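In what follows, a structure is listed as structure tokens, so that the remarks can point back to it.
The values are calculated or read from the model by the stated rules, or taken from the named source; none is laboratory data. Please read these numbers as outputs of a predicted model, since none were measured by experiment. Positions of Cβ are generated from backbone atoms using ideal geometry, with glycine treated the same way; all protein chains shown enter the neighbour counts.
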Amino acid sequence: MSRTSFDQLLEAGCHFGHLRRKWNPAMAPYIFMERNGIHIIDLHKTVAKVDEAAEALKQIAKSGKKILFVATKKQAKDIVAEKAASVNMPYVIERWPGGMLTNFPTIRKAVKKMANIDKLMADGTFSNLSKRELLQITRQRAKLEKNLGSIADLTRLPSALFVIDVMKENIAVREAKRLGIPVFAMVDTNSDPKDIDFVIPANDDAKDSVDVVLTACCQAIAEGLEERKAEKADEKAAAEQAEEAAEAKPKRGARKARKEEAAEEVAAEQAEEKAEEAAEE
């Protein structure tokens, strides 16, 4: 069963592309028609592409890897932050820090710096600083939180990138391509899909359009995480059963040994009695 329907996408306005004069010819396979100078996206293809992307995202989440969501455009920021946070995935909704993927160790240093400031604030070290120094550090901490707070838990490179508007986030796409990280993206009629591994042809400007696509994809990610949790629980239960079985085996062996000892004692007593009877005769 499809994760989205034609009617859902139509109601959300996913079919509205850009003006004909702004189109990218590479998007021709996904365009259904032109009306009043505006390209209309083929929603049947969008439904299929959403399902394809959702299944791939589910498998990534199931394997325990991270997916980085990127959307710095105003109308998509809040939706991306909400949806990504709901499945515990990192996201970038402010300015994309150049080199975030290709120069990841430096970005991690900035995140660690933020953690160190928090640690020093907690242990009271900053109480000895002047007001000016404290204000400077607080501002620095706020700036780091704004730009990197949402990726604080990202300890290694993400396994995939989910992008809203590939033209606006072209630096992020190029970095991912350079490192061989697969890119999932909502691609409008004015964008070039050649660098995108999983193209979702849809209107990337309307809030409702972004919402309906992200909802379907995040549901798939949530399913992947649940399946991973269930598999871990099954593995744990199997390990516990194996341990119990291993512990039970020696016990059964000990009982058998005790029985054998008792049988030997009885046999010895009977032999002694027979020997005594024979001596008396």
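Condition first: β-branched (Val, Ile, Thr), out of contact with any Gly (no Cβ under 8 Å at 6 or more places or on another chain), in contact (Cβ under 8 Å) with a residue 60 or more places away in the chain and over 18 Å from ARG178 (Cα atoms). Can you find one or more residues in segment 92-99 that meet it? Within segment 92-99 (the criterion being β-branched (Val, Ile, Thr), out of contact with any Gly (no Cβ under 8 Å at 6 or more places or on another chain), in contact (Cβ under 8 Å) with a residue 60 or more places away in the chain and over 18 Å from ARG178 (Cα atoms)), the answer is yes, since at least one residue qualifies.
Note on segment 1-117: enclosed strands (runs of 3 or more DSSP E) holding 3 or more residues that are surrounded by 18 or more Cβ atoms within 10 Å (Cβ to Cβ), within 17 Å of the chain's Cα centre (by Cα) and not hydroxyl-bearing (Ser, Thr, Tyr) are 67-70. Residue selection: GLN219 fails the criterion of being modelled with pLDDT of 85 or more, more than 30 Å from ALA84 (Cα to Cα) and of a type in the set (S, T, N, Q). A search for C-beta distances below 9 Å between a residue of segment 227-254 that is part of a helix (DSSP H, G or I) and any residue that is modelled with pLDDT of 85 or more and aliphatic (A, V, I, L, M), counting only pairs 6+ apart in sequence or on different chains, returns GLU227/ALA61; ARG228/ALA61. Against the criterion of being in a helix (DSSP H, G or I) and surrounded by 13 or more Cβ atoms within 10 Å (Cβ to Cβ), PHE126 qualifies. For PRO193, the criteria (1) closer than 25 Å to LEU19 by Cα; (2) assigned to a helix (DSSP H, G or I); (3) over 20 Å from the mean Cα position of the chain (by Cα) hold in every case but one, which is (2).
Count of segment 40-87 residues, restricted to those that are more than 20 Å from SER159 (Cα to Cα) and either out of contact with any Lys or Arg (no Cβ under 8 Å at 6 or more places or on another chain) or at pLDDT 95 or above (or both), is 13. The sole residue among LYS177, LYS112, LYS131, LYS168 that is free of Cβ contacts under 8 Å to residues at least 40 places away in the same chain and either touching a His at 6+ places or on another chain (Cβ under 9 Å) or under 30 Å from ASN203 (Cβ atoms) (or both) is LYS177.
Within segment 146-180, the residues that satisfy the criterion of being of a type in the set (Lys, Arg) and part of a helix (DSSP H, G or I) are LYS146, ARG174, LYS177, ARG178.
What residue, among those in segment 168-182 that are of a type in the set (A, V, I, L, M, F, W, C) and surrounded by 15 or more Cβ atoms within 10 Å (Cβ to Cβ), is farthest from the chain's Cα centre (by Cα)? Here the residue is ILE171.
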